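Here's the structure, in structure tokens; my notes come after.
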Amino acid sequence: MRFDTRLITGHSDRVRPEWIDYNGHMNVAYYVLAFDGATDYFADRIGLDAAYRTRHEASFFAVDMNVGYRREVIEGASLAFTTQLIDFDAKRLHFFHAMWQVEEGYLAATNEVLTTHVDMRARRSTPMGAEVLAAVKALWARQGDLPMPEGAGRVLGIRRKGAGNGA
């Protein structure tokens, strides 16, 4: 699989037997777990790694997320992830993961995440360290002109033709 070279790539996983539900495909809870691995990989790439978290007594917390399920994945499927930075400020990161089923090359799911940088002593949002912010700015210089990923910013709801409820 070939991805835009400006995207963060490199994280991969495999659908494990314990992730399969009674429908014979990956359970919704494990999509978030798999995407969490992609988030950790992203954090490491921008310097928000374990050493930073220890040194600064800081971390980052998810404050909102959307998961979009596109096509099912089954036990044993290989997964590849891409990550795009959508926006940021001194305290927050807004990014978008795509989960790809490797063997057949299709988009399986997406995950849009908003995080905040947190002082772990005070348990309050605080600006990122200078080295992380510099890495984020460098990533933005590489990705800032990419189009908004399809599915980013979506609103959850039922689209209706006409007024009222019902089928």
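Working carefully through the options 104, 75, 18, 57, find the one that is at positive phi and either without any contact (Cβ under 8 Å) to a residue 12 or more places away in the chain or not small (Gly, Ala, Ser) (or both). Exactly one of 104, 75, 18, 57 is at positive phi and either without any contact (Cβ under 8 Å) to a residue 12 or more places away in the chain or not small (Gly, Ala, Ser) (or both), namely 57.
Annotation: residue 147 fulfils all but one of (1) under 30 Å from residue 24 (Cα atoms); (2) free of Cβ contacts under 8 Å to residues at least 24 places away in the same chain; the unmet one is (1).
Give segment 53-64 a look and list any residue that's surrounded by fewer than 16 Cβ atoms within 10 Å (Cβ to Cβ) and aromatic (Phe, Trp, Tyr), or say none. Listed by number, the list holds a single entry, 61. Check segment 64-77 and report whether any residue there is over 17 Å from residue 28 (Cα atoms) and modelled with pLDDT of 95 or more. Scanning segment 64-77, I find no residue that is over 17 Å from residue 28 (Cα atoms) and modelled with pLDDT of 95 or more, so the answer is no. Reported count of residues in segment 65-80, each being part of a strand (DSSP E or B) and either open to solvent by less than 100 Å² (accessible area, probe 1.4 Å) or basic (Lys, Arg) (or both), is 7. The residue pairs whose first member lies in segment 31-48 and is within 13 Å of residue 98 (Cβ to Cβ), whose second member is of a type in the set (Val, Ile, Thr) and surrounded by fewer than 17 Cβ atoms within 10 Å (Cβ to Cβ), and whose beta carbons are closer than 6 Å, counting only pairs six or more residues apart or on different chains, are 31/67.
Within the span defined as segment 136-145, one or more residues are in a helix (DSSP H, G or I), open to solvent by less than 30 Å² (accessible area, probe 1.4 Å), of a type in the set (A, V, I, L, M, F, W, C) and under 30 Å from residue 70 (Cα atoms).
Any residue in segment 118-130 that is in a strand (DSSP E or B), open to solvent by 50 Å² or more (accessible area, probe 1.4 Å), of a type in the set (Gly, Ala, Ser) and in contact with a strand residue (DSSP E or B) (Cβ under 8 Å, 6 or more places away or on another chain)? Yes, there is a match, as at least one residue in segment 118-130 is in a strand (DSSP E or B), open to solvent by 50 Å² or more (accessible area, probe 1.4 Å), of a type in the set (Gly, Ala, Ser) and in contact with a strand residue (DSSP E or B) (Cβ under 8 Å, 6 or more places away or on another chain). A single entry from 114, 85, 107 fulfils the requirement of being at pLDDT 95 or above, in contact with an Asp or Glu (Cβ under 8 Å, 6 or more places away or on another chain) and part of a strand (DSSP E or B): 114. Checked against (1) modelled with pLDDT under 95; (2) in contact with a Lys or Arg (Cβ under 9 Å, 6 or more places away or on another chain); (3) more than 24 Å from residue 37 (Cβ to Cβ), residue 167 meets all criteria but (2). For segment 34-52, does any single residue satisfy the condition of being at positive phi, modelled with pLDDT of 95 or more and surrounded by 14 or more Cβ atoms within 10 Å (Cβ to Cβ)? Scanning segment 34-52 turns up at least one residue that is at positive phi, modelled with pLDDT of 95 or more and surrounded by 14 or more Cβ atoms within 10 Å (Cβ to Cβ). Taken residue by residue, segment 81-94 has no member that is small (Gly, Ala, Ser), within 26 Å of residue 123 (Cβ to Cβ), free of Cβ contacts under 8 Å to residues at least 40 places away in the same chain and out of contact with any Cys (no Cβ under 7 Å at 6 or more places or on another chain).
The values are calculated or read from the model by the stated rules, or taken from the named source; none is laboratory data. Owing to the predicted nature of the structure, the values given are computational and were not obtained by experimental measurement. Please note: Cβ atoms are built from the backbone with ideal geometry, for glycine as well, and neighbour counts cover all protein chains shown. These area figures cover heavy atoms from the full protein model, side chains too; ligands, DNA and RNA do not enter into them. Shrake-Rupley method; radii C 1.70, N 1.55, O 1.52, S 1.80 Å.
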